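In what follows, a single structure is set out as structure tokens and then discussed.
Values quoted throughout were computed directly from the atomic coordinates according to the rules given, and no laboratory measurement underlies them. Quantities reported herein were computed from a predicted structural model and do not represent experimental measurements. Here the Cβ positions follow ideal geometry from the backbone for every residue, glycine too, while neighbour counts run over all protein chains shown.
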Amino acid sequence: MGETFKVAIIGSGPAGLSAAARAAALGLSHVLLEKTDHLSDTIYKYQKGKHVMATPSNLVLRSDIDFDAGKREAILGTWDEQIAGHKVNVKYMAEAKAIRGTGDPIPGSMQQIVTRARDGTKSVKEVQRHAPPYAIELTNGEVVMAENVILAIGTQGNPNRMRCPGADLPHVQYQLDDPTEYVDEHIVIVGTGDAGIENARGLAEDPAQRNTVSILNRGTEFPTAKAANVSALMADHEAGKLMVRTESETKAIEPGFITLTTRDGEIRILCDRIIARIGSAPPRAFVEECGIEFTSEDRGAFPRLSPVFESTAPGIFVIGALAGYPLIKHCMNQGHDVIEFINGNTDLKPADEPIIAAKFAELPGQRSTEEWLEFLRSNVSILGGMNPLQMREFMLDSEAKFFRAGEVIFERNAPGSSLFGIASGSVAVEVNPADPSITIPIESGSIFGEVGLISGRRRGATIRAAEDTIVVEISRLAALKLQSQVPSAKAAIQRISIERQLLQMFGSGLTREDVAPLVEAAQVQEKRAGEVVVTEGADDKDVFIIRRGSMIVEKQIGERPVFLSYLPAGSYFGEMAVIDGSARTATVKAAIKAEVIRLPGEGFLDLLEKNPALRERAMKDMAGRRATNAFIEGQKDSFSSVVDMYSQTAQFLVDNGIGEATDVLLIDEKLCIGCDNCEKACADSHDGLSRLDREAGKTYAHLHVPTSCRHCEHPHCMADCPPNAIKRGPDGEVFIDETCIGCGNCQRNCPYGVIRMDAKPPKKPSLLQWMLFGKGPGPGEASYSWRKKAAEKEGAAKAKQAIKCDMCSGIDGGPACVRACPTGAAIRVSPDKFLTFTKLTEDVE
Amino acid sequence: MATKAGGTGRFTQDEKRRDSDHVSFLKHRSFRWLWIALLLSGAAIAGYLMIDQQPRPNGGTWYGYTLGTIGVLLILWLSLLGVRKRRINPGAWSLKAWTSAHVYLGLSLIVIGTLHTGFQIGWNVHTLAYVLMLLVIATGIYGVAVYATLPASLSANRKEMTRAQMLDALTAIDRQLESAAQPLGREDADLVIAAMNQDPFSLGVIGRLTGNFYGSCRTHYALTELEDDEPGMERVYPLLEKRLAQLDQIRGQLRIRALLEVWLFVHIPLTIALIAALTAHVISVFYYW
Ligand SMILES: Cc1cc2nc3c(=O)[nH]c(=O)nc-3n(C[C@H](O)[C@H](O)[C@H](O)COP(=O)(O)OP(=O)(O)OC[C@H]3O[C@@H](n4cnc5c(N)ncnc54)[C@H](O)[C@@H]3O)c2cc1C
Ligand code: HEM
Ligand code: SF4
Ligand code: SF4
């Protein structure tokens, strides 16, 4: 067990590289451990020729290694050169498996590791932390000793391994870089997710390679793969290019052969190579075993860190994507800074200082950045639980704003999913749109805007500053992070949001005291898509408010369930049974993944008792719903087929994501002449690329849902965007701004396949030139070959970025697809307005 | 950003759109343009009957000039649809509204143009312009008729498949056929190969429009000619049938699309001819004045 290094850096991504280079420059004794045989595996695995972007552009790079936007190959080349130039001590093929403190046990320092089994049960394991130096155990059995450890292993994790006998043989691999490399082989692919399918198809693509490819599926369905991939795979199977073996599992592996268990017993087949694509495990378990605590049990949570990136295990530091900073520039800056900190430079100001300072520049009062951060932290109650590093990170995604008395902060019906915290002053909520003079105050320290954050719907009321006020506007993303990092903040936001929702829903006249008992008794419950919340005929007596997502109401009439209505977030249901004591008259189930607030029926009745005005309103709402239901039931008797059609069309639309849409393109195929003018107009309105595919997508009863963005209430695409380039615009549109780095995460995350990755093509000759002289490709998206040629003529091709519908924001007249349809086939609708009986049964011709 | 919401005025506009008048161009705004066109035609007829035109009603009286001017302006405006259709920005207009107006105002030209002639028909450039106009209108009427009736069958024939998917399906069948046909004898194999080599798009104009191509369809021919007791046929035969069904779908798609488009290939050139004839008509009228 050789020397003990001052620092060991695990992982040679941009974060680890930069740290190692700094350590080398300072002359610290160090080692850089890398699992693979090359540097920076995540970037190494990017698509060939990928243009790597250097965002955010206003952040200065602070590293001994250079980085600027450019081709993947060029960047990796520079790094290889400079790491060698700095004489960094790199150890390849060194995968860290465990990190243990070898010093004394640290008194009272216990690490709790919670593991959740598939059935939802939890088990807790306690581990005593030990002081440094640390012993880093590698998978090859070697041990590396270091006083400090920097974990920079990114978030890729490790591929899940095969476990049958023979799984450790060398011809079992977990990755496939270039399918054209293999010829004349019998290859078995294990796993039918997208990766497995793509590998199998790649290997069988060219018959000249003469590979015999089979892919194993444990069951008969392909639940984890995209539909397009599955149908392509099945087509290849039918065409005899490869073989899909369903209900098959590996039993044993030996050189040249594999034994499978199938429905018809065991079989042993020829096999020269096995490629296992059975998912990968996030690195969390490994990190926790090292004694590092995470901020919460959330899947999206990050390690708990001090302002100098130190984890709860003293001497182990976490930086880069693993610490929650996925952009290369951030990673590199942190690598530099963490070594400075370890080397005792505690005065170092973070590189993002100027960015944060700029956020406070407009505020009245002379304060330093630190003072402002502390001012916000100590005054806004939900921020109280954060440390200075978290505050800085939080501030990067948030804005501090000053409003004079009377200024509007946001207006009713404006889209917006940010949360506001009041740091000083107070605001007034205009609860009655008809009479702005009726307001409810919200005091300093509290929050507002939470309904937009949680439901994804438009602002419910106009809010003004009641006096000179400083607020912090917390972006949706920062608010989500805050809730996963600080459990007390999550609880506070939840409580306030329930209270506000009750007050807002039941109108004026109620006070916080009135609803307090209900808020106490309220329970937030998550519902899966399709999960039933209220069952027709049951006699439970609770009232529900939809906090997030949406519900559909159905009733059994005759044989089949009939769709009665669609309930968006913010509506309540279940009140009928409570008020008149009857059994449930209809079934309510989640249209998409949803959250409801469950209120006990008696509490709700008490509230009605005390508030005659409220009672009156509830009765009115109830009568309205009864009338709708009765109307549809009445129609069912006389126009059964119309009602069936309505019900099935509504269900079809919900199945195709309309339930979570805010604004979606539909095409009435009773009117569509297939001219594709909608696509052409889309391309001509947006840099020459169409953001909709009219033909693709599902159709029911001539109503077609093309492949085009639904502008979801809670956009899936936003989940994992390194530069946070996906935002909600002023008209409610979900759009991608120019900071997109082209990583393709959003494309994978969108369940509706509406995002494409492409480079902006050069400008076309004008319409007049085309009409008179036939110059250029004409209206609409130019063919791929034209774009390619024109781009070559222009010189350097532009980088591929994510492209999707922005609802023609900024274009007079609104969405071009709808305006360009000559027959009225293309319409854009929102579910709450369209999923009604009148709309769905309208006679269009 | 959240603060300036609604400030753009688009929210109201968007809400109206989402409330969506989900109706066809013919019904657009409760037949607004039909009413306008009827009014225009009614007024023209009333004027024709009430105004005493001297020496006799024709294009040369002041009333005739008025109708002629209206007609020319209408025709020029109607022709602009071709530009409008391809130039979506700038402007907050909708092509559906334009098409609606185009159809109804275009029809009103029958009345206006006819009254303008004063029923004086002859073998001259004036009558040529008139006849061309009627032909453009006649093709337009055909267009509206197919727009109203064919889309539903286009949709039904498509069965949620895109054009690319249909061709992919054909290629997949062909790949299976290729291996299935291996055991066949030379003659039969040639029939199958001929079927596979036939370009699904080479149908000829008539074939494309009528959907009757079995005369030249090699797949169909192979199915009738192959002897079904030969070895290997139990795989080839069903595959060929599948191929024919797939071809039928593709051809159905081509046929309906062609019926929806073919008239434009008359409507547009005739429009150009009409404008040329109209120019000659106007110049000659002023020349001989
Ligand atoms: C397709 C794609 C495109 C992207 N494009 C951009 C872009 O244009 N601009 C941008 O700023 N960001 C981009 N990103 C994000 C960026 O690449 C990552 O967030 C960044 O690489 C994270 O750096 P890191 O140093 O934290 O970890 P990583 O780069 O993930 O590096 C971790 C390293 O640790 C090694 N390792 C892992 N486990 C162990 C272990 N147990 N022992 C030893 N070594 C280990 C790995 O092999 C790897 O080399 C993109 C991401 C993707 C997926
Ligand atoms: C003299 C009168 C008319 C002229 C000059 C005229 C001219 C035109 C032109 C130039 C186009 C554009 C075609 C294209 O570029 O694709 C067009 C389209 C069309 N016209 Fe006419 N037209 C006339 C009358 C009519 C009438 C009377 C009707 C119907 C009854 C009609 C129905 C249509 C339709 C349905 C379209 C297609 C719209 C589309 O698909 O975008 N036209 N016409
Ligand atoms: S513009 Fe309208 S008619 Fe043309 S393809 Fe699009 S939806 Fe169909
Ligand atoms: S891109 Fe996909 S996930 Fe994102 S808003 Fe549109 S439909 Fe929803």
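Sorting the segments A:71-83, A:461-473 by their residues' average number of neighbouring beta-carbon atoms within 10 angstrom, most packed first, yields A:461-473, A:71-83. With the simple model of a label 7 Å out from the Cα in the direction of the Cβ, residue A:37 to residue A:308 spans 3.9 nm.
Within the shell of other residues whose beta carbon sits under 13 angstrom from the beta carbon of residue A:636, the net charge comes to -3, with Lys and Arg scored +1 and Asp and Glu -1.
Write down, largest first, the equivalent ellipsoid semi-axes of segment A:172-281 in whole Å, where each equals the square root of 5 times an eigenvalue of the alpha-carbon gyration tensor. Can you show the working numbers first?
Working: eigenvalues 65, 60, 39 Å².
Each semi-axis is √(5λ); the values are 18, 17, 14 Å.
Could you give the dipole magnitude of the protein assembly as shown about its Cα centre, charging the beta-carbon of Lys and Arg +1 and that of Asp and Glu -1, in debye to the nearest 20? Using Cβ point charges on Lys, Arg, Asp and Glu, the protein assembly as shown gives about 2740 debye.
Within chain B, the ratio Rg/Rh, alpha carbon atoms throughout and Rh by Kirkwood, equals 1.17. Considering only B:88, B:45, B:67, and ranking their Cα positions along the charge dipole of segment B:27-120 that arises from unit charges at the beta-carbon of Lys, Arg, Asp and Glu, the one farthest toward the positive end is B:88.
On the principal axes of its alpha carbon atoms, segment B:163-262 extends 46, 26, 17 Å, with the longest extent given first. Averaging over all projection directions, the Cα-based convex hull of segment A:395-457 occupies 4.7 nm² in the image plane. Per-residue shielding of A:693-703, expressed as the average number of other chain Cβ atoms within 10 Å of the residue Cβ, stands at 3. Taking Lys and Arg as +1 and Asp and Glu as -1, the other residues whose beta-carbon sits under 11 Å from that of residue A:189 total +3. With contacts taken as Cα pairs under 8 Å and at least 6 residues apart, chain A reaches a relative contact order of 9 percent. Spin-label model, residue A:163/residue A:528: points 7 Å from Cα along the beta carbon direction are separated by 2.3 nm. The rule of thumb for compact globular proteins, 2.2 N^0.38 Å, goes into the C-alpha radius of gyration of segment A:518-642 1.07 times. Between the beta carbons of residue B:284 and residue B:92, assuming R0 = 45 Å, the FRET efficiency works out to 0.65 to the nearest 0.05.
In this entry, segment B:27-120 is assigned a mean projected area of 6.6 nm², taken as a quarter of its C-alpha convex hull surface. May I ask you to derive the FRET efficiency for residue B:241 and residue A:205 from their Cβ-Cβ distance with R0 = 30 Å, giving the value to the nearest 0.05? It comes to 0.60. Average projection, convex hull of the Cα set of segment A:683-783: 8.4 square nanometres.
Mean residue ellipticity, 222 nm, helices only, chain A: the sum of -39500 (n - 2.57) across DSSP H runs of n ≥ 4, divided by residue count and rounded to 500, is -8500 deg cm²/dmol. Distant-in-sequence amide contacts of residue A:294, defined by a placed amide H-H separation under 5 Å and a gap of 5 or more residues or a different chain, comprise A:304. Taking other Cβ atoms within 10 Å as a rough exposure proxy, B:62, A:786 sort from fewest to most as B:62, A:786. Computed over the Cα atoms of segment A:353-486, the ratio of the radius of gyration to the Kirkwood radius (Rg/Rh) comes to 0.96. Placing +1 on the Cβ of every Lys and Arg and -1 on the Cβ of every Asp and Glu, with no other charges, gives segment A:652-841 a dipole of roughly 560 debye about its Cα centre.
Multiply the residue separation of residue A:443 and residue A:125 by 0.36 nm, subtract the distance between their alpha-carbon atoms, and state the gained length in nm to one decimal.
110.2 nm
Both radii come from the Cα set of the protein assembly as shown: Rg as radius of gyration, Rh as Kirkwood radius; their ratio Rg/Rh reads 1.01.
Taking 0.36 nm per residue of separation and subtracting the current Cα-Cα distance, fully stretching the chain between residue A:261 and residue A:613 would add 119.9 nm. Divide the volume of the convex hull around the Cα atoms of segment A:652-841 by the residue count and you get 127 Å³ per residue.
The reciprocal of the average 1/r between distinct C-alpha atoms defines the Kirkwood hydrodynamic radius, which for segment A:318-428 equals 16.1 Å. Take A:414-423, A:789-798, A:258-267 and order them by the average number of nearby Cβ atoms within 10 Å per residue, most first; the result is A:414-423, A:258-267, A:789-798.
Packing around the peptides A:815-821, A:775-781, A:286-292, taken as the average count of other Cβ atoms within 10 Å per residue, puts them in this order, highest first: A:815-821, A:286-292, A:775-781. Extension gain, residue A:224 to residue A:716: 0.36 nm times the residue separation minus the Cα-Cα distance gives 175.5 nm. Measuring against 20 Å, Cα to Cα, the residue pairs A:670/A:839; A:727/A:788; A:50/A:97 contain A:727/A:788; A:50/A:97 as the ones spanning a longer distance.
Placing R0 at 35 angstrom, the Cβ-Cβ distance between residue A:231 and residue A:495 gives a FRET efficiency of 0.15 after rounding to 0.05. Taking amide H as placed 1.01 Å from N in the peptide plane, residue A:562 has its amide H under 5 Å from the amide H of A:555, A:556, A:557, each at least 5 places away in sequence or on another chain. About its Cα centre, segment A:738-845 has a charge dipole of approximately 620 debye under the convention of +1 per Lys or Arg Cβ and -1 per Asp or Glu Cβ, with nothing else charged. Its residue count N sets the reference 2.2 N^0.38 Å, and the alpha-carbon radius of gyration of segment A:309-377 equals 1.29 times that reference. Between the residues A:318, B:142, A:408, the greatest Cα displacement towards the positive end of the dipole of the protein assembly as shown, with unit charges on the Cβ of Lys, Arg, Asp and Glu, is found for B:142.
Just name one of A:69, B:118, A:678: the one whose Cα is farthest towards the positive end of the charge dipole of the protein assembly as shown (beta-carbon charges, Lys/Arg +1, Asp/Glu -1). Toward the positive end, the furthest listed residue is B:118.
Going 7 Å from the Cα of residue A:516 along its beta-carbon direction, which residues of segment A:610-628 have the amide nitrogen within less than 17 Å of the resulting point? Residues A:610-611 qualify, since their backbone N sits under 17 Å from the label point. Annotation: lysines with alpha-carbon distance below 19 angstrom to residue A:401 (same-chain offsets under eight excluded): A:359, B:4. Mean partner shielding of peptide B:174-183, defined as the number of other chain Cβ atoms within 10 Å of each residue Cβ, is 2. With N the number of residues in segment A:413-532, Rg(Cα) / (2.2 N^0.38 Å) evaluates to 1.08. Computed from backbone phi, the HN-Hα couplings of segment A:422-429 come to 9, 8, 7, x, 7, 10, 10, 9 Hz, rounded to whole numbers (Karplus: 6.51 cos²θ - 1.76 cosθ + 1.60, θ = phi - 60°; Gly and Pro given as x). Per residue of peptide A:656-667, the mean number of Cβ atoms on other chains within 10 Å of the residue Cβ is 1.
Site pair residue B:261 and residue B:12 shows an inter-label distance of 4.2 nm when each label is modelled 7 Å from Cα along Cα→Cβ. Here the sum of -39500 (n - 2.57) over DSSP H runs of 4 or more residues, divided by the residues of chain B, equals -24000 deg cm²/dmol at 222 nm, to the nearest 500. Considering only alpha-carbon pairs that sit under 8 angstrom and 6 or more positions apart, the relative contact order computed for chain B is 22 percent.
With contacts defined as alpha carbon pairs under 8 Å and 6 or more residues apart, what's the relative contact order of segment A:311-435 in percent?
Result for segment A:311-435 is 17 percent.
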